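The values are calculated or read from the model by the stated rules, or taken from the named source; none is laboratory data. All of these numbers come straight from a predicted model, not from anything done at the bench. Counting neighbours? That spans all protein chains shown, and the Cβs are built from the backbone with ideal geometry, glycine included. With ligands, DNA and RNA removed, areas are computed over all heavy atoms of the protein, side chains included. Shrake-Rupley method; radii C 1.70, N 1.55, O 1.52, S 1.80 Å.
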Amino acid sequence: MEQLNKSEVLILAIETSCDETAASVVKNGREVLSNVIYTQIALHTRFGGVVPEIASRKHIEKINQVIEQALEDAKVTLRDISAIAVTYGPGLVGALLVGVAEAKAISFATGIPLVGVHHISGHISANYIEHKELEPPFVCLVASGGHSHLVVVKDYGQYEIIGRTRDDAAGEAFDKVARAIGLGYPGGPKIDSLSKEGNPDAIPFPRAKVAENEYDFSFSGLKSAVLNYLNSCRMKGEEVIQADVAASFQKAVIDVLVEHSLHAVKAFGYDKFAIAGGVASNSSLRAAFEQECAKRGIAFFHPSPVFCTDNAAMIGVAGYYEYIKGVRHGYDLNAVPNLTLQ
Ligand code: KG4
Ligand code: ZN
């Protein structure tokens, strides 16, 4: 076993907010010693989306195995662990409860302190894993299946939301459009790869602006425009070129995300920008931000795809910064499905 220095902080992290059962061991907030993810995607695909009841049952079945694997991969035992970090919201209540109950049980049995972590704080903190030089303050776009937030990261674990979606999250729009063009679930990665064969300028889908807040997003109009386009093609008997629809839709989402985000970075006076969440693994989105940030002299950060989609390493990183601030939770910690970031 690796000799551990007593001043090292090792976090055992658990994430079960949606359809990934995940555990990780993170050293001193930035070094991932293990990252075990059991993805349930194949199980939910035939239903066209995540079925909450199935997700909870599978989490219960897998959680112990995933945690044991995370400890083994990290070559540590529970005796080496400084704190247990667990996602307690937002997410599916039955899914969250599995992780929270597990974390509380281990904490109760061993006396290891318990730290509850916000899922979105985890997504944002994923950026610290591979960018050791990245420190707050900076602006971060969080685009996942459930959230599209533009956030000022004031300090570790301290956030101000400056923009949010008024309706669908960006990932949700990817999933719904993918279903409409017959690509199946989850739609994001499928649209991402199909778009490479399509023309992003083929169909002029709308770029929505929200009058009251220039940093807010709205994707439901775009989703309806895609559905209307598909219907009108069918009615006119015209062929639908799936790749063109995918590429044009994706470009419309990316244009809005890039424009709003980078406008915010400049307006709020920052020079660092990061992306996070499942949609942040989109290859064209990353390329667009890369290019536009370079033009504007903004330093751009993004996690590797494995740290963009749900994982426990990001929870371990966020949990570390909470732990060193002195945050501890009691055994009354509960799952909070609609937990807010501020
Ligand atoms: O962060 P995440 O794993 O879970 C939530 O917290 O929601 O995000 C999942 C979302 C799904 O909507 C999925 O379609 C989308 O991220 N996604 C992508 C890509 N990979 C995952 N969207 C666009 N392009 C991708 N490559
Ligand atoms: Zn997530």
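If you take the Cα centroid of region 142-191 and the Cα centroid of region 49-78, the two points sit 25 Å apart.
Report relative contact order for region 205-342 in percent, whole number only (criteria: Cα-Cα under 8 Å, sequence separation at least 6).
On the way: 99 pairs, mean separation 24.7, N = 138.
18 percent.
Give me the percent of Cα-Cα pairs in the chain that sit more than 36 Å apart, rounded to a whole number. If you can, show how the numbers build up before the last one.
Numbers: 12003 of 58311 pairs.
The proportion of pairs with Cα distances above 36 Å equals 21 percent.
The lysine pair count for region 136-302, using Cα distances under 16 Å and pairs eight or more places apart or on different chains, is 12. Each eigenvalue of the Cα gyration tensor of region 136-302, multiplied by 5 and square-rooted, gives one semi-axis; in descending order these are 29, 15, 14 Å.
Rounded to the nearest 10 degrees, the inclination of helix 242-267 to the longest alpha-carbon principal axis of the chain is 60 degrees.
Between 0 and 90 degrees, the angle of helix 52-74 with respect to the longest Cα principal axis of the chain falls at about 50 degrees.
Ligands, DNA and RNA left out, the 1.4 Å accessible surface of the chain is 52% carbon and sulfur atoms.
Could you sort Leu222, Leu339 by accessible area so the largest value comes first, with the probe set to 1.4 Å? Show your work: numbers first, answer last.
Details: Leu222 10, Leu339 35 Å².
Per-residue accessible area, sorted high to low, gives Leu339, Leu222.
Most tightly packed first, judged by the mean number of other beta-carbon atoms within 10 Å of their residues, the peptides 293-303, 275-285 read 275-285, 293-303. Per residue, the accessible area of the chain comes to 42 Å², computed with a 1.4 Å probe over protein heavy atoms only. DSSP beta bridges fully contained in the chain are about 60 percent antiparallel. Highest GNM mean-square fluctuation among Ile84, Ile161, Ile124, for the chain modelled with Cα contacts below 10 Å: Ile161.
Report relative contact order for region 136-302 in percent, whole number only (criteria: Cα-Cα under 8 Å, sequence separation at least 6). Value for region 136-302: 27 percent. Packing, as the average of other Cβ atoms within 10 Å across residues, places the peptides 88-95, 110-117 in the order 88-95, 110-117, highest first.
Distance from the C-alpha centroid of region 98-138 to that of region 308-327: 2 Å, rounded to the whole angstrom.
With respect to the chain, whose longest principal axis is taken over its alpha-carbon atoms, helix 220-236 is tilted by about 40°. Across the chain, C-alpha contacts under 8 Å between residues 6 or more apart give a mean separation that, scaled by the residue count, equals a relative contact order of 25 percent.
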